[in-house]
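In what follows, a structure is listed as structure tokens, so that the remarks can point back to it.
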Amino acid sequence: MHLRVALTGGIATGKSHCLGKFAALGAAVVDADELAHQVVEPDSPGFNEVIARFGPEYACADGTLDRKRLAALIFADDSARRDLEAIIHPAVYAAIQAWFEHHRRGIAIADIPLLFETGRERDFDRVIVAACPPAMQLQRLTARNQLSVEEAQRRIAAQMPIDDKTGLADFVIDTSGSFEQTDAQVREVWDRLRRLTQPL
């Protein structure tokens, strides 16, 4: 049996670490954030749509998208964020669909940060949420991205609260402990997914 699995959570809740561990255990994996970068590469349709909507000042001198400047805008302006998502999300989900079509055996896991926000959870056989307490999420985000507390809070507030996501999950991985504790939970979820693929 083939399983289409989504891994989600909040910003800075440890999704990438979990995805890497699932890959090491044998899952086929893809990161929606990487696909989102690809769909706005210079001269791509996505890039041209973004520049048409937001203006040429959001392109760097080398022709790439000025992600830092765009991030500052969209996390301060909800309508701008919705406009950007309307450009990027359909292209990303099309790329994810094509990737799953290519990986039609075993367990395939897509890391999709905004899975619930985009209402696409029903596209998958199982949903895993990587979660940690909001205070730890804020601490990780300010340290990792060198953001002010206010900037980090705006980015967290732009997503569904993590407690709401855990309530919708098939599996929850609590990333608030040590790496070893997180990795043990990843292995447990992996074993449960593998059992689901076994014939009765």
Identity of the residue in segment 61-85, in contact with a Lys or Arg (Cβ under 9 Å, 6 or more places away or on another chain) and not β-branched (Val, Ile, Thr), that ends up surrounded by the fewest Cβ atoms within 10 Å (Cβ to Cβ): ALA76
Residue in segment 158-169 that is touching a Cys at 6+ places or on another chain (Cβ under 7 Å) and either more than 21 Å from LEU115 (Cβ to Cβ) or in contact (Cβ under 8 Å) with a residue 12 or more places away in the chain (or both) present: no
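Take the residues of segment 38-49 that are buried (at least 16 other Cβ atoms within 10 Å of the Cβ) and under 18 Å from the mean Cα position of the chain (by Cα): which is nearest to ILE96 (Cα to Cα)? Before you say what the answer is, go through the steps one by one.
Of the residues in segment 38-49, the ones buried (at least 16 other Cβ atoms within 10 Å of the Cβ) are 39-40, 46-47, 49.
This time we only want the ones that are under 18 Å from the mean Cα position of the chain (by Cα), so: 39-40.
Details: VAL39: 12, VAL40: 15 Å.
Here the residue is VAL39.
Every residue, every condition in (1) charged (D, E, K, R); (2) more than 22 Å from PRO90 (Cβ to Cβ); (3) in a loop (DSSP other than H, G, I, E, B), yes or no:
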| position | (1), (2), (3) |
| --- | --- |
| ALA108 | no, no, no |
| GLN137 | no, yes, no |
| GLY167 | no, yes, no |
| GLN181 | no, yes, no |
| GLU188 | yes, yes, no |
So THR182, is it surrounded by 19 or more Cβ atoms within 10 Å (Cβ to Cβ), over 16 Å from the mean Cα position of the chain (by Cα), hydroxyl-bearing (Ser, Thr, Tyr) and under 14 Å from GLY9 (Cβ atoms): yes
Any hit, segment 117-131, residues being more than 14 Å from LEU35 (Cβ to Cβ), charged (D, E, K, R) and part of a strand (DSSP E or B): yes
Selection within segment 1-31 - modelled with pLDDT of 95 or more, touching a helix residue (DSSP H, G or I) at 6+ places or on another chain (Cβ under 7 Å) and either assigned to a helix (DSSP H, G or I) or surrounded by fewer than 16 Cβ atoms within 10 Å (Cβ to Cβ) (or both): HIS17, CYS18, LYS21, PHE22, LEU25
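The values are calculated or read from the model by the stated rules, or taken from the named source; none is laboratory data. These figures come from a predicted structure and were not determined experimentally. Backbone-built Cβ (ideal geometry, glycine too); neighbour counts: all protein chains shown.
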